[in-house]
Amino acid sequence: TYAAQRFVFNVTESAANIEKLAVTWDGTSSHDDASADQGATTYIWKSGTGYQTLSGAITSGISDYVVDGNVTVLVKQNASQSTIGVPPDETTYGSCLATDYVKLVVTHHHRNSGYTL
């Protein structure tokens, strides 16, 4: 009963050539109960272990995050929907999430570059 949105990015670059994955989510998270956590958490799918909290960019073990050519990101509101009281006098507090945009930046090796940085 948590508001959540899942985003699947198709990555055509071989994971072996990727140096960094960076996700940006821009949106709003709220809960009808003012005392509830109003924030959201961003997660990334890691093969073999499931969703992991995403903080910063992924720079190692890239092939664990590019699964079948996809990178999967989940954004979840931190507080679940809740209902207090008993019918007919119950109140439901909603868990809300809205996305303005989400992006994945893939930084990869340039194998054919003649330049040294």
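Only residues that are over 19 Å from Tyr101 (Cα atoms), open to solvent by 30 Å² or more (accessible area, probe 1.4 Å) and either in contact with a strand residue (DSSP E or B) (Cβ under 7 Å, 6 or more places away or on another chain) or of a type in the set (Ser, Thr, Tyr) (or both) were counted in segment 18-36, giving 5. Looking only at segment 58-96, which residues are closer than 30 Å to His108 by Cα and in contact (Cβ under 8 Å) with a residue 60 or more places away in the chain? Within segment 58-96, Asn70, Val71, Thr72, Val73, Leu74, Val75, Lys76 qualify. Of all residues assigned to segment 43-57, at least one qualifies as being in a strand (DSSP E or B) and free of Cβ contacts under 8 Å to residues at least 12 places away in the same chain. The residue pairs whose first member lies in segment 1-18 and is more than 13 Å from Asp68 (Cβ to Cβ) and in contact (Cβ under 8 Å) with a residue 60 or more places away in the chain, whose second member is open to solvent by 60 Å² or more (accessible area, probe 1.4 Å) and part of a loop (DSSP other than H, G, I, E, B), and whose beta carbons are closer than 6 Å, counting only pairs six or more residues apart or on different chains, are Thr1/Gln81; Asn17/His109. Taken over segment 47-86, the criterion of being among the β-branched types (Val, Ile, Thr), over 20 Å from Leu97 (Cβ atoms) and in contact with a strand residue (DSSP E or B) (Cβ under 8 Å, 6 or more places away or on another chain) is satisfied by Ile58, Thr59, Ile62, Val66, Val67, Ile84.
Every listed requirement among (1) more than 23 Å from Ser80 (Cα to Cα); (2) open to solvent by 40 Å² or more (accessible area, probe 1.4 Å) is met by Val11 save one, (2).
From the list Ala98, Ala79, the lone residue that is at pLDDT 85 or above, assigned to a loop (DSSP other than H, G, I, E, B) and of a type in the set (A, V, I, L, M) is Ala79.
The values are calculated or read from the model by the stated rules, or taken from the named source; none is laboratory data. Quick caveat: nothing in here was measured; it's all calculated off a predicted structure. Virtual Cβ from ideal backbone geometry, glycine too; neighbours counted across all protein chains shown. Please note that ligands, DNA and RNA were not included when accessible areas were found on the heavy atoms of the full protein model with its side chains. Shrake-Rupley method; radii C 1.70, N 1.55, O 1.52, S 1.80 Å.
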